[in-house]
1. Within the range 3-74, report the chymotrypsin sites (Phe, Trp or Tyr not before Pro) that DSSP leaves as loop and that have at most 11 other Cβ atoms within 10 Å.
2. I need the semi-axes of the equivalent ellipsoid of the range 16-157: take the C-alpha gyration tensor, multiply each eigenvalue by 5, square-root it, list largest first in whole angstrom.
3. Straight-line reach from residue 28: which lysines have a Cα under 26 Å away, not including same-chain ones fewer than 8 places off?
4. If r is the Cβ-Cβ distance from residue 43 to residue 273 and R0 is 51 Å, what FRET efficiency results, to the nearest 0.05?
5. Could you give the size of the charge dipole of the range 1-120 about its Cα centre, using +1 on the Cβ of each K and R and -1 on the Cβ of each D and E, expressed in debye and rounded to the nearest 20?
6. Tell me, what % of the accessible area of the range 1-50 is carbon and sulfur with a 1.4 angstrom probe?
7. Solvent-accessible area of residue 88, probe 1.4 Å, all protein chains present, reported in Å² to the nearest ten, please.
8. How far is it, in nm, from the label point at residue 146 to the one at residue 20 when both lie 7 Å from their Cα along the line to the Cβ?
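The values are calculated or read from the model by the stated rules, or taken from the named source; none is laboratory data. This structure is a prediction, so every number in the text was calculated from the model and none was measured. Backbone-built Cβ (ideal geometry, glycine too); neighbour counts: all protein chains shown. For accessibility, only protein heavy atoms count, side chains too; no ligands or nucleic acids. Shrake-Rupley method; radii C 1.70, N 1.55, O 1.52, S 1.80 Å.
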Amino acid sequence: MANPPVINQPIYGLPENSTEPSKVLRAKVIAGINLAKKDIFGASDPYVRVHLYHSNDPVEGEIVVVQTRTIKKTLNPKWNEDFYFRVDPRCRLLFEVFDENRVTRDDFLGLVDLPLNNNIPTEHPDRERPFSHKDYLLRQRSTKSRVSGHLRLKLAYVPQVGWADTQPQPNTEQQEDREEPGWEIVDMETEPRQPQVQATSPSQAPLPQGWEERQDANGRTYFVDHNTRETTWHRPSISGPSAGQTQQAAAAAASAAASTQASNRRQAAQMYRSRRQISEDMSTPGGAGAAAAAAALVELPAQIHRMTLRSESQPQPQQN
């Protein structure tokens, strides 16, 4: 039989004698990725505040608040801090990222709000599975919030913690697979499994035009096509017909620009020739061209005046 894990850190949250069935959750705040710039010199001093609360009200139902250390002058901080919470099925975790300021109020950088259900694996702290973290998209607190980037977290229940010393300890592997009463079970047949590592690296291909990446309340990433107003769990790529249509549009735009440029050149050349002809006629002393040009210039104001009088004397059509 496997020995229960030894936790040398405080366990926050519910008391051990809680009437609800409880578990011990390990929440690891790993890193922030491409956070928003808040300081004058283009960086931030980020830290994470973790709220454990009941129901859907982080204020009235708040149980405990803990906080990471502050990482100075970076948009990609690495905390790697573990927190242990005793939770029940009604609990949620709210992660809020802030930029620390010495004089003014700390700036808000985004939040992640997660429910705690059986979709979270059970894992021994000494046998941590590699690449089992997730990158959660940071969300706004209000429409005025300016946020960006992701928060990298790892959540796992700790097996066997909370058993009394006089009670028999079940096998760790059996405990990891055992379903406990009172906890929400997610139907994995209708909901796709969240990948262990969300691809958020800069090397990933960008989304096609009109697509947007979002996350639901459970932290699962999905994609919205604003062109057809449809959603999908699979990340779209710029390939096939979409890429072809983009190339055709670019070729059409280039052709239109070239045609406009050629038309402008023709008009400029025609205007240049006309002005040059008038200049040559005016520069010929005593020539017929000079006399005609001078007469045209003298007669031009009179012609304009006669046209104005003629247009004013014409009767205007009556409107019904």
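1. Within the range 3-74, the qualifying chymotrypsin sites (Phe, Trp or Tyr not before Pro) (loop, at most 11 other Cβ atoms within 10 Å) are 41.
2. Three semi-axes, in Å: 27, 18, 13.
3. 37, 38, 72, 73, 78, 134, 154
4. The calculated FRET efficiency here is 0.25.
5. Dipole of the range 1-120, to the nearest 20 debye: 440 debye.
6. 50 percent
7. 0 Å²
8. Going from the residue 146 label point to the residue 20 one covers 3.9 nm.
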